[in-house]
Amino acid sequence: MSDVIVIKNFINGQFVESKKYLDSFNPATGQLLARVPDSDANDVELAVAAAKNAFEEWSSKDPSERSKLLHRVADILESRLLEFAKAESKDQGKPLWLARKIEVPRAVLNIRHFANTILCDKEMCINQPEDGILNYTSRSPCGVAAIIVPWNLPLYLLTFKLGPALAYGNTVVAKPSEFTSITAWMLCSVIREAGIPDGVVNMVFGYGPKAGEALIRQPDVSIITFTGSDRAGLHIAEVAGAMAKKVSLEKSKSEETVLKTQARMKRW
């Protein structure tokens, strides 16, 4: 990873060049690490259209088929664990041991967990014949899910949201943080290699107020899941409420660090 990485959007199973790019830097060295697409509303529209077109086929698959494909994603990701850990360390700035021992393995477990859970999830029926009451619960996918994740746990939080969305039959457009886009981009190649159908997972990169704003306002996005700041979360809640979208918000995300003057600094 000595050369500058040029990241591309992932739309309808293809890596797509961007008209404009942002610079992303290695936080440990300050050196240019990657060029990230500066996606706009047109890019988002293409991604959402691809997800919408893929929804019917994906949601109609038997849960066991979706489970098998997700297990393939987990297997391939696990086989490339060290590669992903090195990328996460350089891109996010965390120690390599942390990415290798905890965060990438947790990302694998996220996918596996939901691949297994979907096989155990059943429809429920409660019959009360003496009262003439029948309660029946059935779960169905929402449609196109927008996934917006922050910079502190790029791969882990992406897979934590991606896993259930796909397992339960939704299609996805994800927008990673513009500061930490590399492992999300790498995951796209894993998804394609695993045989996930084109359009089921799409990834657009860039600024929250630009690409993210366009994504949450897309009429064909049915559900939004977000982790990040209070300010952005409250804004998403307002937009989602006005458009009657389902929303999941994890706000006040922070990663404080206290350094003492006598600390013995060690570089990993």
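Is it the case, given these coordinates, that V44 is loosely packed, with under 15 Cβ neighbours inside 10 Å and either modelled with pLDDT of 95 or more or basic (K, R) (or both)?
When the stated conditions are applied, V44 does not pass them.
Look through A174, A211, A145 and report the one residue that is part of a helix (DSSP H, G or I), touching a helix residue (DSSP H, G or I) at 6+ places or on another chain (Cβ under 9 Å) and in contact (Cβ under 8 Å) with a residue 12 or more places away in the chain.
A211
With respect to M186, determine if the residue is over 19 Å from K246 (Cα atoms) and either surrounded by fewer than 24 Cβ atoms within 10 Å (Cβ to Cβ) or among the charged types (D, E, K, R) (or both).
Against the criterion (over 19 Å from K246 (Cα atoms) and either surrounded by fewer than 24 Cβ atoms within 10 Å (Cβ to Cβ) or among the charged types (D, E, K, R) (or both)), M186 qualifies.
What are the residues in region 26-52 that are without any contact (Cβ under 8 Å) to a residue 12 or more places away in the chain and over 21 Å from the mean Cα position of the chain (by Cα), if any?
T29, G30, Q31 - these are the residues of region 26-52 that are without any contact (Cβ under 8 Å) to a residue 12 or more places away in the chain and over 21 Å from the mean Cα position of the chain (by Cα).
Of the residues that sit in region 226-255 and are in a loop (DSSP other than H, G, I, E, B) and among the charged types (D, E, K, R), which one is farthest from T159 (Cα to Cα)?
K245
State which residue is nearest to K86 (Cα to Cα) when the search covers only region 21-54 and only residues that are of a type in the set (G, A, S) and out of contact with any Gly (no Cβ under 8 Å at 6 or more places or on another chain).
So the residue we want is A34.
Which of the residues belonging to region 121-142 are in a strand (DSSP E or B) and either of a type outside the set (V, I, T) or under 28 Å from S64 (Cβ atoms) (or both)?
Listed by number, the residues that qualify are M124, C125, I126, N127, Q128, L134, N135, Y136, T137.
Taking region 223-233 on its own, how many of its residues are under 27 Å from N53 (Cβ atoms) and surrounded by fewer than 21 Cβ atoms within 10 Å (Cβ to Cβ)?
Final tally of qualifying residues: 1.
Please verify whether S222 is assigned to a strand (DSSP E or B), closer than 29 Å to A74 by Cβ and modelled with pLDDT under 95, treating the condition exactly as stated.
No: the conditions fail for S222.
Among the listed residues I196, I191, which satisfies the condition of being touching a residue at least 60 places away in the same chain (Cβ under 8 Å), part of a helix (DSSP H, G or I) and of a type in the set (V, I, T)?
Only one candidate qualifies: I191.
Against the definition (under 27 Å from K20 (Cα atoms), out of contact with any Cys (no Cβ under 8 Å at 6 or more places or on another chain) and either surrounded by 10 or more Cβ atoms within 10 Å (Cβ to Cβ) or modelled with pLDDT under 95 (or both)), how does L215 come out, yes or no?
Spelling it out, L215 is indeed under 27 Å from K20 (Cα atoms), out of contact with any Cys (no Cβ under 8 Å at 6 or more places or on another chain) and either surrounded by 10 or more Cβ atoms within 10 Å (Cβ to Cβ) or modelled with pLDDT under 95 (or both).
The values are calculated or read from the model by the stated rules, or taken from the named source; none is laboratory data. Quick caveat, the model's predicted, so the values are computed rather than measured. Every residue, glycine as well, gets a Cβ built from its backbone with ideal geometry; the counts of neighbours run over all protein chains shown.
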